[in-house]
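Shown next, in structure tokens, is the structure this report addresses.
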Amino acid sequence: MTRAFVIVMDSVGCGGAPDADRFFNGTRPDTGANTLGHIAQACAEGRAETGRSGPLRVPVLAGLGLRQAIAVASDLNAPLAAMPLAGRWGAATEVSRGKDTPSGHWELAGVPVPWDWTYFPDTVPAFDDALVAEVCRLAGTEGILGNCHASGLAIMDRLGAEHLRTGWPICYTSADSVFQIAAHEEAFGLDRLLTLCAALAPFLHARRVGRVIARPFVGTPGHFQRTGNRRDYAIAPPKPALMDWAQAEGRVVHAIGKIGDIFSHRGVTHLHKGKGDAGLMEHLHRLADEAEEGSLTFANFVEFDSLYGHPRDVSGYARALEWFDGQAAAFLARLKPGDIALFTADHGNDPTWSGTDHTRERVPVLVHGAGAGEIGLCAFVDVAASVAAHLGLAETGPGRSFL
């Protein structure tokens, strides 16, 4: 038997989505957005110099075909150093009608979203009276704060002090199908926040809202910080996905980061959480040594998206990519003969773009352990089919293997 590692670099898109004109940041369509390509250009032009300097340096991912994947997706010749190619490269196109976390991950796992998500209007207030009343009932408060579209970091800074004074939860949304609740871990209580979100989730799932997200934070006004205790309460996929296929045949499935939350903890044998991406990377390194023969490890590294994509921090995003590349070198060195490691993403979040929301993009598909050569354009569901074929699973879903 062999093992498979699927590693999602959250929001690390590579442009070229054929339907980008139907997705927006404010009034601007996502046409032309290219997370990786534009970061590489900014670095080469000296526009990403905070905490780093010079061209984007990602030799491991470049050796797997990152520059070629960007070109396949978008015809953009990204200014990345040419490296001897030792992997398979391509770019995947999504068909689900969303540029969000569940849509991307479900489809990568072989289950395109069969319905239209519910999105909240970009108005103030954003939420209807019945929803507000249900939050207040479950939270035991007389009202909520926020009730709008917002960036999580900005609204925490803007309303954190009022939250401490009133005890009311901060409720907000984005261009994604999400309802987010921020609350202070100590003043409001972490367990109380998680209980509130878990109890509210069925109400919103019935409306086809994809996720209720708990956003705990700590600190004092002017010094608030998010903690690592975020929890996503996602609607369950409508059909068995890659992890279910593996478990049905007795395989061990390891989920790193928020993978368990995204799939409503279905198909997960062991869940591995950590403090930030650095903590999650420790799990990935360990599982390279310890994961069982025939097992599947599915990992998500979220900080590209949460810390740098949404705040539109180009330098920070570049630093994160360079850190990740160094960690990838150490991880790949620990793999065993016959293993594959597949690096991909769930959507884009171009930090050079206007707005603060995700961008509709194709995503890179880079494979270590399956020879070298071009995959070309493929579908998100082809990722699941390829991993299933590598593991020798009977179920491969609607996709086609590119291995």
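The values are calculated or read from the model by the stated rules, or taken from the named source; none is laboratory data. All figures in this text were calculated on a predicted structure; none of them were measured in a lab. No Cβ is skipped: glycine too gets one built from the backbone with ideal geometry, and neighbour counts run over all protein chains shown.
Between a first residue in region 1-22 that is without any contact (Cβ under 8 Å) to a residue 12 or more places away in the chain and a second residue that is in a loop (DSSP other than H, G, I, E, B), which pairs have beta carbons less than 8 Å apart while being 6 or more apart in sequence or on different chains?
D21/D30; D21/T31
Restricting attention to region 285-300, report how many residues are surrounded by fewer than 24 Cβ atoms within 10 Å (Cβ to Cβ) and either of a type in the set (S, T, Y) or assigned to a helix (DSSP H, G or I) (or both).
Within region 285-300, residues that are surrounded by fewer than 24 Cβ atoms within 10 Å (Cβ to Cβ) and either of a type in the set (S, T, Y) or assigned to a helix (DSSP H, G or I) (or both) number 7.
Residues to consider are A40, A33; find the one that is part of a helix (DSSP H, G or I), under 21 Å from the mean Cα position of the chain (by Cα) and modelled with pLDDT of 95 or more.
Step by step, each of A40, A33 is checked, and only A40 is part of a helix (DSSP H, G or I), under 21 Å from the mean Cα position of the chain (by Cα) and modelled with pLDDT of 95 or more.
Being over 23 Å from R312 (Cα atoms), without any contact (Cβ under 8 Å) to a residue 40 or more places away in the chain and touching a strand residue (DSSP E or B) at 6+ places or on another chain (Cβ under 9 Å) is the filter here; which residues of region 112-146 pass it?
Passing the criteria: V124, P125, V132, I144, L145.
Would you tally the residues in region 252-284 being in a loop (DSSP other than H, G, I, E, B), in contact with a helix residue (DSSP H, G or I) (Cβ under 7 Å, 6 or more places away or on another chain) and buried (at least 22 other Cβ atoms within 10 Å of the Cβ)?
Qualifying residue count for the region: 3.
Here is a check on your reading of the model: is L366 buried (at least 24 other Cβ atoms within 10 Å of the Cβ), hydrophobic (A, V, I, L, M, F, W, C), under 17 Å from the mean Cα position of the chain (by Cα) and closer than 23 Å to Q41 by Cα?
Yes.
Of A299, A288, A278, which residue is hydrophobic (A, V, I, L, M, F, W, C), without any contact (Cβ under 8 Å) to a residue 12 or more places away in the chain and on the phi < 0 side of the Ramachandran plot?
Just one listed residue meets the conditions, A278.
Do you know which residues across region 69-97 are in contact with a helix residue (DSSP H, G or I) (Cβ under 9 Å, 6 or more places away or on another chain), crowded, with 24+ Cβ neighbours inside 10 Å and either outside any loop (DSSP other than H, G, I, E, B) or modelled with pLDDT under 95 (or both)?
A69, I70, A73, W89, G90, A91, A92
Can you tell me which residue is farthest from L391 (Cα to Cα) among those in region 11-42 that are among the acidic types (D, E) and surrounded by fewer than 24 Cβ atoms within 10 Å (Cβ to Cβ)?
D21
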